[in-house]
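Okay, structure first, notes after.
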Amino acid sequence: MNLILLQEADFISPDIVRLSGRRLEHIVNVHRAKPGRQLRVGLLDGNIGYGQITTLADQQVELRVELSKNAPPPPPITLILALPRPKMLKRIIQHVTALGVKKLVLINSYRVEKSYWQTPWLEEEKLFEQCLLGLEQAVDTQMPEILLRKRFKPFVEDELPELCQGSQKLVAHPVGGTACPVDIGEACTLAIGPEGGFIAYEVEKLKEAGFHSVHLGPRILRVETALPVLVSRLFPSY
Ligand code: SAM
């Protein structure tokens with residue numbers, strides 16, 4: 001937790017927050033903080049700044065906060081990701097959030113097992129928790145939007161054209177295509193496949209929607225590795 005993320009409900013006065021639970025534990029056990037100490041805090045979907053501990057007790061801590069800095073600008077990317085298996089989903093949501101992605105669409109694909117859609121980790125509250133962890137890690141406050149689309153073809157044909165309008169459209173695919181561009185300097189919609197990869201039909205459908213296939217060289221990477229490589233290659237300065 002590189003940032004203590006605050007929510008409106010934490011405020012007991014215009015500049016004092018009262019925290020308990022996971023954030024209190026972190027302040028006590030990791031920061032080993034005492035009254036007077038300043039910690040980096042941020043308001044969810046708001047500014048970043050500092051909080052000075054005013055009182056610290058067993059069950060709660062109070063901080064006086066000043067939030068004067070903007071959250072870091074996000075890379076202008078919309079990520080379309082074939083739903084990962086549940087074991088990986090939590091981690092990947094955290095990584096996506098920490099990388100600054102603000103719009104994530106989890107889609108079905110031929111090689112996504114149907115049972116993956118049943119995981120409780122897709123519940124709104126659970127996704128929110130994983131996003132919080134990603135924001136705390138990256139010192140960001142802007143919550144990403146996550147959309148779930150369980151049918152590939154209707155999504156690609158009916159929704160994707162508007163979603164990716166005006167952006168560079170790329171599908172990461174290890175076979176064929178061209179080398180993934182570097183520092184593109186414009187908005188991008190990027191599609192990443194499932195562990196087994198997109199099938200030829202899906203790549204074709206994405207191409208019909210204006211997507212261009214890009215690769216990262218001969219090494220086939222796991223989704224959680226390909227993701228940060230692609231994002232930082234496309235947007236190195238974010
Ligand atoms: N056997 C699968 C295939 O050939 O497509 C491998 C899929 S890979 C584990 C999962 C996803 O990560 C891919 O669908 C792609 O989006 C991305 N990926 C992994 N390595 C890549 C590479 N070298 N170039 C482009 N994309 C890659």
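Of the residues that make up region 215-222, is at least one at pLDDT 95 or above, within 20 Å of GLN168 (Cα to Cα) and more than 7 Å from the ligand (Cβ to nearest atom)?
For region 215-222, residues at pLDDT 95 or above, within 20 Å of GLN168 (Cα to Cα) and more than 7 Å from the ligand (Cβ to nearest atom): absent.
Results for (1) within 14 Å of the chain's Cα centre (by Cα); (2) not hydroxyl-bearing (Ser, Thr, Tyr), shown as yes or no for each residue.
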residue: GLY42; (1), (2): no, yes
residue: ASN47; (1), (2): no, yes
residue: TYR50; (1), (2): no, no
residue: LEU56; (1), (2): no, yes
residue: GLU62; (1), (2): no, yes
residue: PRO73; (1), (2): yes, yes
residue: PRO76; (1), (2): yes, yes
residue: ARG85; (1), (2): no, yes
residue: THR97; (1), (2): yes, no
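Exactly one of these conditions fails for THR78: (1) part of a helix (DSSP H, G or I); (2) within 16 Å of the ligand (Cβ to nearest atom); (3) among the polar types (S, T, N, Q). Give me its number.
Of the numbered conditions (1) part of a helix (DSSP H, G or I); (2) within 16 Å of the ligand (Cβ to nearest atom); (3) among the polar types (S, T, N, Q), the odd one out for THR78 is (1).
A quick yes/no check of all residues on (1) assigned by TED's automatic domain parsing to the domain that holds ARG23; (2) modelled with pLDDT under 95; (3) closer than 22 Å to ALA187 by Cβ; (4) part of a loop (DSSP other than H, G, I, E, B):
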residue: VAL65; (1), (2), (3), (4): yes, no, no, no
residue: VAL96; (1), (2), (3), (4): no, no, yes, no
residue: SER109; (1), (2), (3), (4): no, no, no, yes
residue: TYR116; (1), (2), (3), (4): no, no, no, no
residue: LYS126; (1), (2), (3), (4): no, no, no, no
residue: LEU133; (1), (2), (3), (4): no, no, no, no
residue: PRO154; (1), (2), (3), (4): no, no, no, no
residue: LYS169; (1), (2), (3), (4): no, no, yes, no
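Rundown of residues vs (1) on the phi > 0 side of the Ramachandran plot; (2) touching a residue at least 60 places away in the same chain (Cβ under 8 Å); (3) within 14 Å of the ligand (Cβ to nearest atom), yes/no style:
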{"site": "VAL156", "(1), (2), (3)": "no, no, no"}
{"site": "LEU160", "(1), (2), (3)": "no, yes, no"}
{"site": "GLU186", "(1), (2), (3)": "no, yes, no"}
{"site": "ALA200", "(1), (2), (3)": "no, no, yes"}
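Quick one: count up the residues across region 4-40 that are of a type in the set (A, V, I, L, M) and not in a helix (DSSP H, G or I).
Number satisfying all stated conditions: 9.
The values are calculated or read from the model by the stated rules, or taken from the named source; none is laboratory data. Computed from a prediction, not measured in an experiment: that's the story for all the values here. Quick reminder, even Gly has a Cβ in these numbers, built from the backbone with ideal geometry, and neighbours come from all protein chains shown.
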